[in-house]
Structure formats: structure tokens, C-alpha cells
Amino acid sequence: MKKWFKALTKSRNVVTDALTNVFSRKKPLDDETLEELEEALLAADVAPRLAGQMIVELEKSSRGKEVDGRALLKGLLMDRFDQQPAFEWSSLPQGACVLVVGVNGSGKTTSTAKLSHMAQEKGLKPIMGAADTFRAAGTEQLRMWADMVECEVVAGEQGSDAAAVAYDALDASISRNRDILFIDTAGRMHTKAPLMEELRKIVRSLKKRLEEAPHEVWIVLDASIGQNALIQARVFNEAVPLTGVVITKLDGSSKAGFLFSVKEELNVPILFTGLGEQKEDLVPFSAEEFVNGLLDIDHAPAEV
Ligand code: GDP
């Protein structure tokens, strides 16, 4: 997919020189080239321990042999995603309630709307809940997006109780027989206890209406901040156990390497990736497109 390749330009640029250098020579990888490669991985924000492991593996597999180092590295990187299959909407129960969490500015509100758009494209009938009642512009912004993607939204007044808005949204979703509900939440200061308390309260409130809700809790992480996004995710995971990750702003990020640590750190799959600002720029995550785009591996692109 050309979009992936374009979105990964900055991260690819960080590793390209080293990769070309290392992999253009068809000979056993020596210490110097391996070191160069490790530096390149670190520059793309691959976690130091993981980058170190990659180098040891590469060294082991290539010792004394001519190898296709790029293919070898691709295999090692793909393994980090555990052969994760692409997300299927049909894996969600009818009437699923999805809580969308993350810090302000991560792309939560726009992603909530883009997810609704994607669900519509799949023939589902979504509805959104605007439970970011803290920010003055939070609800307004979701309403604007709701108009753009032509999706219904349940909202309250600014400053009103977020848990009550979430409850009303779930109630509306059930009574109007919607296929899926996405609830946008507040994201001020993830380190401050009140936000985490508010999220727990939202969960309790949803359970009063439907015991199984929320069926999913997806965190939105901004790729441009790299490893720091994982620190944020850990805090959220303690408050409301996460079931999926949405990565935004992969376009324009030079730190895409942190994606390799997501599964290990959080033990939840990356479901979607934001490759731009338009409504159709949120796409299901593809480990193969991601690794190919990063390592500059040519492939017959499936146009999407
Ligand atoms: P929130 O505060 O977490 O709700 O963040 P918003 O949804 O308001 O998004 C913050 C900014 O990030 C907006 O300008 C979005 O257009 C932008 N944004 C969100 N996702 C992406 C993405 O995948 N790529 C790019 N380039 N920008 C994005």
C-alpha cells in the first residue's frame, strides 16, 4: 500500500543509510556493520534491549555465511508482532461498546470519528459518545467530525458528568439498535489521579447499563513521541485494562521503532494506524506493510 510507504518516510530515512550500507554487501556481517545497524535501530526508537537482541540474532544467523540480511531482519521484526492477524470487525459482538482512551493531543477525538467512518464503510451502524466533557472544545470537535462522517453522537454539556454521558450513549446505542458504540473520553494529564478515577467511574457507569460493557478499551498513542507513548499506556492499562492500541501520526514520525515494543510491554495488539489527517487515513494495522515500509523492502503493493 503506497500510503504506508509514504507515511513511513521519516522513520525509514533514519535507518535507510545504515541498511543500505549493511545489506548491499553480500558477505557475513562484521562487527562494524552490526554496530551501525544497531545505531540505526536505536535512532528509529527501537527499545535498546530489543535492538541488542536483534543484533545478536542477526549475528548468529549470519555467522560465516552469505545472507540476505534485510530478509533476515524483516523476519525478526515481524516476529515481534506475533503473527498478529489484521483486525476483523466481525470479531466484535453485536452492539459492542468501545471506550477510546489516551492523553490530550494523541488524536483520540479524530480517531473516534475515523473509527466510526471505517465501521460505516464495513456496513455497520455506529454511534458515538462524547464523554470528553472536560475540554471546552472536546464535544464540539466530535460533533463537527460527526457531521463530516455522518454519524450520530450523544453528548452532554461541557463540565457535565462524563460517566453519565457514557451511560446515556450506551443506552442510546442499545435502544436504537446500533452495531457499535465508540466513546471518546477526556485525556488531561495522564499522570493525575482524577483522570484515572474518572475512567474507572465511566466503566462502572457503563456496567450498570450492560454488565459486559465496555467490550473493548482502545488506547490512542501518538507515534511521534515514540517510547514515551508506552509509558503513558502503562498508566492507563493499570486503571482500565486495555484490549487494543490505535497508533496515530505514523506519518511524520521518525520514531516508529517503538511499535515493536507495544506487544511485549502491554500484551495487547495494535489494531489501527493513522497515516494522515483525513477521515480515510486510519487503516487496520498491517505488520508486513509496516516492516516493509521501514526497511525499504520493495513488494508488489496491493493498492488500497
Ligand atoms: P485528542 O486531543 O487526543 O482528542 O486529539 P485530536 O483528535 O484532537 O487530534 C490532535 C491533532 O492530531 C489533530 O490536529 C489531528 O488532525 C491530528 N491527528 C490525529 N491523527 C493523526 C494522524 O494519524 N496523522 C496526522 N498527521 N495527524 C493526526
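The values are calculated or read from the model by the stated rules, or taken from the named source; none is laboratory data. A quick note: this is a predicted structure, and the numbers were derived from the prediction, not measured. Cβ: placed from backbone, ideal geometry, glycine included. Neighbour counts: every protein chain shown.
Overview of results
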{"read-out": "Segment 54-88, subset of a type in the set (Lys, Arg) and at pLDDT below 80, residue nearest to VAL262 (Cα to Cα)", "value": "ARG63"}
{"read-out": "Residues being more than 13 Å from the ligand (Cβ to nearest atom), in a helix (DSSP H, G or I) and within 22 Å of LEU115 (Cα to Cα) - total across segment 277-298", "value": "4"}
{"read-out": "SER224 being without any contact (Cβ under 8 Å) to a residue 60 or more places away in the chain and touching a Lys or Arg at 6+ places or on another chain (Cβ under 8 Å)", "value": "yes"}
{"read-out": "Set VAL235, VAL240: member being in contact with a His (Cβ under 9 Å, 6 or more places away or on another chain) and either among the small types (Gly, Ala, Ser) or over 23 Å from GLN83 (Cβ atoms) (or both)", "value": "VAL235"}
{"read-out": "Where GLY274 falls short, out of the listed (1) away from the ligand (no atom under 15 Å from the Cβ); (2) at pLDDT 95 or above; (3) in contact with an Asp or Glu (Cβ under 7 Å, 6 or more places away or on another chain); (4) not basic (Lys, Arg)", "value": "(1)"}
